[in-house]
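The values are calculated or read from the model by the stated rules, or taken from the named source; none is laboratory data. All values reported here derive from a predicted model rather than from experimental measurement. No Cβ is skipped: glycine too gets one built from the backbone with ideal geometry, and neighbour counts run over all protein chains shown. Accessible surface is based on the protein model in full, side chains and every heavy atom, while ligands, DNA and RNA are left aside. Shrake-Rupley method; radii C 1.70, N 1.55, O 1.52, S 1.80 Å.
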6 protein chains.
Amino acid sequence: MREGPASDGSDGDDRGGEGSGAAAPDDDLTHTTADGDVQMVDVGAKPDTNRRAVARGEIRLTPSTVEAIRNDEVGKGDVLATARVGAIRAVKHTWESIPMCHAIPVTNVDTEFAVADDRVELTVAVETTGKTGCEMEALEGVTTGLNVVWDMVKAAEKDASGEYPDTRIADVEVASKEKRPIEE
Amino acid sequence: MREGPASDGSDGDDRGGEGSGAAAPDDDLTHTTADGDVQMVDVGAKPDTNRRAVARGEIRLTPSTVEAIRNDEVGKGDVLATARVGAIRAVKHTWESIPMCHAIPVTNVDTEFAVADDRVELTVAVETTGKTGCEMEALEGVTTGLNVVWDMVKAAEKDASGEYPDTRIADVEVASKEKRPIEE
Amino acid sequence: MREGPASDGSDGDDRGGEGSGAAAPDDDLTHTTADGDVQMVDVGAKPDTNRRAVARGEIRLTPSTVEAIRNDEVGKGDVLATARVGAIRAVKHTWESIPMCHAIPVTNVDTEFAVADDRVELTVAVETTGKTGCEMEALEGVTTGLNVVWDMVKAAEKDASGEYPDTRIADVEVASKEKRPIEE
Amino acid sequence: MREGPASDGSDGDDRGGEGSGAAAPDDDLTHTTADGDVQMVDVGAKPDTNRRAVARGEIRLTPSTVEAIRNDEVGKGDVLATARVGAIRAVKHTWESIPMCHAIPVTNVDTEFAVADDRVELTVAVETTGKTGCEMEALEGVTTGLNVVWDMVKAAEKDASGEYPDTRIADVEVASKEKRPIEE
Amino acid sequence: MREGPASDGSDGDDRGGEGSGAAAPDDDLTHTTADGDVQMVDVGAKPDTNRRAVARGEIRLTPSTVEAIRNDEVGKGDVLATARVGAIRAVKHTWESIPMCHAIPVTNVDTEFAVADDRVELTVAVETTGKTGCEMEALEGVTTGLNVVWDMVKAAEKDASGEYPDTRIADVEVASKEKRPIEE
Amino acid sequence: MREGPASDGSDGDDRGGEGSGAAAPDDDLTHTTADGDVQMVDVGAKPDTNRRAVARGEIRLTPSTVEAIRNDEVGKGDVLATARVGAIRAVKHTWESIPMCHAIPVTNVDTEFAVADDRVELTVAVETTGKTGCEMEALEGVTTGLNVVWDMVKAAEKDASGEYPDTRIADVEVASKEKRPIEE
């Protein structure tokens, strides 16, 4: 339906080693047109594919807060369970949160928390059978999931003046991506 | 309407130096009940107050991507304008994204991008006249706004194997909080 | 701003013993106009008030499913924690789910599960400082919270033909309502 | 709770007589992992299928309210029309309301009200071509649709003290489920 | 809390004759900063006020379609009832649809359809007690309400080639605005 | 799964020249049943197809406002960029805004603004691979996109009494529709 060369050669979702061939060299910002206007990427001609993306990040906390999360009496299960639900919700709502994202069929979400002495790490894996990658879904799951942890421990992390001297979210990155044809 | 001692003394939003008096020592995880169940904080008895919270964070990018964002021809205005809209939307939707957050009347949102050689910094200030703090709103604005930047530069940041070796979101923190009575 | 008699005398939210005076006798379906058209109730002239509504309901389950929910090894905490989050979310989204509901400031939500031999009971209390009652919020919390329980135990409740012979949601009702002026 | 090779044998959506083969006997709570953490079910390897689920439930009302609903002058058409729209909306939003549900392509929704002397019954049939069952969609349509009826008749159902002595939602159940391959 | 002159003197919602004093002459695009960046308007210092805005518009239809809408047998009540629900929903969701809008407490929505020989006119009145005007809410109610009418009569309006030669939405305008202090 | 004649012969989305054969003559309001109840159209038996719909419309403005939009100093890029994001968002949310619409996989959205002396024209093209047409998506993109423009220029368009004497949205229409089989 689109005959022009506009969306030939790349789409911002599978450049390079994932098998899509050589990318056009000046095609680096595919959400903007030649005129600099923002746009969604046309994925109509792309095949459905099995894709998986894994993102991770961490929230740095005071050791006493981590201890409280670990301690069953103060509701460890529920704190992380709530963050888990929040992360899954964020994955499913990425098409709303990221303006240029398409709605894709999310077939699986895995969330995993690792509690260290001064931080909680969150890894989110997302799988889809759709036409675009799902790293934005994984990233939204990680950042919102970590924000939920922050929300749950606010009182424990604040200092005497109501500020958060030690709390921060760090090292949010895409750990891996995979793409392979759908076997039928 | 609530007579019990359940929510006396603190609420997770204004402990310590913000004038709420001494917090109960074991009241560190206010989103969980004595039984460890998750809950919203009861804010019914709290007065409306002018509050302001500022959060900031950054996305590390390759210098060539930053150059492309800066370059008018590739749509700098629109990339950051889209991220700005995404950040504001995230602020307004925090009551949905963070399961235990209340919906509060957001009266102002300021977003500011600073483009350095290898990163884009985003600062989000949120103001409210409601009964709870708004640092979660500011944090959601920062993390989702940075994710929008990531989405807009995906093609530029991927390496030959489709991974993101240099991209990461870092140093997300609450820069400041203020609270003062509403003058009438 | 509204001069006509259209919304005089009642509002569907505080008839009778709650102190609003005598209701007009034919004012029983306040979401419909004299012409039978559906409408929201005009609450602009109503004062802010402290209100609380409690709803409850139950889901009937096979005893073995209840046993599985009770058993820590199979994730009791997480099943009920997820239903709790779902109930709170439903309370906050009632203005979307019930077409003629206003968005009101929800100041508190209490959720409580009681696990009996063949059922799980859910009680949801909602408090607001707004201009209308909050029983619809409490009811949406109960019914969606119970649906989340159903979703979590689907595999355990299905019989050999994939049907649910014993599962049902029952006795959903408003247990109590209160209203009193805001003390300032 | 998921011990096997990830999603072999069962998934909570098509156990038993629906043709999916023998279900693992201890696979009763598929939304929780072996560690008791909540999760979505991985449906990536499941084929698209035609599925249909029918749920029903009822709201008990005072006879005079039912009479008012039946009476054209007080807007019968609009009351039930509004509940119908609310039920369809709830079906389409189930992926948001039920935290572990996937978004599925809903291809058809049928809603049917039966007005008896002291109750209104609502039956909702949902059809999908997706990878999971749609009984949760049908249940959400029934419970929210009945809540909309409640909201529309609030003033008629309240007694002199503002309570609802006779109103209740009851007998919400899944009436039938079907699954068959997509013919191409 | 905001000391700078940034938001002095105007706010885009009550310039001129509504009593806000003289507007700064170059303050015409208040959703953009001095640097041309988009922003929300800071309404924190504005008092709560009673406001009402009325918008109207129309959809031009073939006379046979209008006749079908009028004819009870083909569901006139339900077509307009659905459009009414859609218009009210759009009013309540304006804070999401219009990126720079604040969420305001909508206290009343009136929708009125007038069916002429070749068109359906829709008037939507919105009232709020908030800090900003509500004309965008009224406009969103009108345009989405008319789109719902279009959706309901699609089959009747299409010609033999599937196009809509006669259908169009026209003359969407703000009919009136009012603002007055809240009496307490 | 549906054997009855209820949805035979037409579906409101591809009557006439688009190749669906002769439409039933009395099947003009396909969102209502024989009883006049509103309904979604059953699309379960319809094949996936490549579809494209283009809608357009315009907002009439005072020449000085258009001049301000054109002028880089007052943020032209951001005003239209925000409207563009709002239009794309509205396209993606049509399944929520239009009560009887299905959620369809939107594969592409093109937005184009044309700035004339006394108006801004907006054209929105939407493409899908789903089972129904996408003209409602294009129309929602146009009307909400134009409303965003209105919101951005409110202060410039108001007269001394706070009214909008010259502003109006006009000539919203479907410019073209296409449908063709998916090549595999």
**OP:** About the Cα centre of region E:49-181, how large is the charge dipole given +1 on each Lys and Arg Cβ and -1 on each Asp and Glu Cβ? Please answer in debye to the nearest 20.
**Re:** 700
Original post:
Which far-off residues, 5 or more places away or on another chain, put their amide H under 5 Å from the one on D:Arg168, with H placed in the peptide plane?
Top reply: D:Arg60
Original post:
Any idea of F:Ser161's accessible area? Nearest 10 Å², probe 1.4 Å.
Top reply: 60
Subject >> Relative contact order of region A:79-184, pairs being alpha-carbon contacts under 8 Å that are 6 or more residues apart, as % >> reply: 27
Original post:
Between F:Ala160 and B:Asp159, what is the spin-label point distance in nm, taking each point 7 Å from the Cα along the Cα→C-beta axis?
Top reply: 6.7
**OP:** Using only atoms on other chains, find how many Cβ atoms lie within 10 Å of each Cβ of peptide F:133-146 and report the average.
**Re:** 4
Original post:
In Å², nearest 100, what accessible area do chains C and D bury in total when the solvent probe is 1.4 Å?
Top reply: 5500
**OP:** Run the quick spin-label model on E:Asn71 and D:Asn71: label points 7 Å from Cα toward the beta carbon, then report their separation in nm to one decimal.
**Re:** 3.1
Original post:
Protein chains only, probe 1.4 Å: how do F:Glu127, C:Glu112 rank by accessible area, largest first?
Top reply: C:Glu112, F:Glu127
Original post:
In peptide B:108-114, how many Cβ atoms from other protein chains are near each Cβ within 10 Å, on average?
Top reply: 5
Original post:
In region A:49-181, what is the count of Lys pairs whose alpha carbons are under 30 Å apart, counting only pairs at least 8 residues apart or on separate chains?
Top reply: 9
